[in-house]
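What follows is a single structure, written as structure tokens, with notes after it.
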Amino acid sequence: MCGKSPLDDPMPVEAPLTAMGDSLTMDGLGLDVLAKSEFLSRQEVLHRRLQRVKQLRRLYIAQYWILMEEVKKKHKEFYWLYGKSPFRGDEKKKSSEERTNDKSLLMCQITECKEKAMALTKFCHKHILHDTNQVLYRGCVYHIKGGQMCKKPVLRSINPPHCPAHAQAAEKCLARAFKREGLNVSSSSKLSPKLHVLVAEYVRHIQGKRRAALGKAVSRFKLEEKIK
């Protein structure tokens with residue numbers, strides 16, 4: 001005897017097919033020929049429940065957008081009653097003192113300075129080091145008269161940290177120092193030599209000293225051989 005498929009087994013319907021709950025009527029129920037059947041197969045019951053779930057989903061989505069429109073309407077009414085007006089026609093004009101204060105915010109906070117402040121700070125470029133929160137600038141470390149340093153603001157990316165005027169002075173001092181040591185570098189009127197130029201000059205200088213020392217050692221060795 002052949003067994004029956006579980007999908008063909010009839011099962012009782014748990015709820016009336018004409019309505020789900022008290023107010024929800026299933027779509028297309030009037031065209032369903034099995035709407036008044038006393039028994040349904042498992043496949044038919046699952047199909048009907050799936051249709052109900054899909055219908056509920058559509059209803060919940062529609063209800064959500066209705067509530068969103070209601071919230072938007074309520075928010076508009078609340079803002080109209082209690083919010084700030086976008087128009088300033090009824091407001092008083094600013095006094096000349098307020099305009100002066102607004103203008104002063106654009107100037108450097110140093111008392112005797114008449115320069116405009118830089119962006120996102122209250123100080124001009126000359127006095128930017130007075131801003132304790134800035135991290136882009138540091139003072140020039142070139143030593144001037146009296147053992148003091150220049151302290152003019154320069155970018156932290158510049159190394160060595162010299163202002164433009166003292167950068168040229170430092171290059172001239174470096175060129176004179178190389179010249180005293182007998183090193184062949186570019187003239188002081190040009191920019192300071194690049195790193196590979198300095199390394200090459202140092203290597204040439206060291207190799208020259210080693211060759212001179214080796215020559216002295218060889219000549220001394222030959223002299224000792226002759227004496228023997």
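The values are calculated or read from the model by the stated rules, or taken from the named source; none is laboratory data. Remember, it's a predicted structure, so these values are computed and weren't measured experimentally. With ideal geometry, Cβ positions are generated from the backbone for all residues, glycine too; neighbour counts draw on all protein chains shown.
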Residue among MET26, MET118, MET20 that is at pLDDT 75 or above and hydrophobic (A, V, I, L, M, F, W, C): MET118
Pair list, Cβ under 7 Å, 6 or more apart: the stretch 132-159 residue touching a residue at least 12 places away in the same chain (Cβ under 8 Å), other residue among the aromatic types (Phe, Trp, Tyr): CYS150/TYR142; PRO153/TYR137; VAL154/TYR137; LEU155/TYR137; ARG156/TYR137
Number of the exception - GLN134 against (1) surrounded by 13 or more Cβ atoms within 10 Å (Cβ to Cβ); (2) modelled with pLDDT under 85; (3) among the polar types (S, T, N, Q): (2)
Residue under evaluation ARG52, criteria (1) under 30 Å from ALA169 (Cα atoms); (2) in contact with a strand residue (DSSP E or B) (Cβ under 9 Å, 6 or more places away or on another chain); (3) at pLDDT below 90; (4) not acidic (Asp, Glu), criterion not met: (1)
Residue match in the stretch 182-192 (condition: more than 30 Å from LYS116 (Cα to Cα) and modelled with pLDDT of 80 or more): no
Breaking point among (1) in contact with a strand residue (DSSP E or B) (Cβ under 7 Å, 6 or more places away or on another chain); (2) modelled with pLDDT of 85 or more, for LEU34: (2)
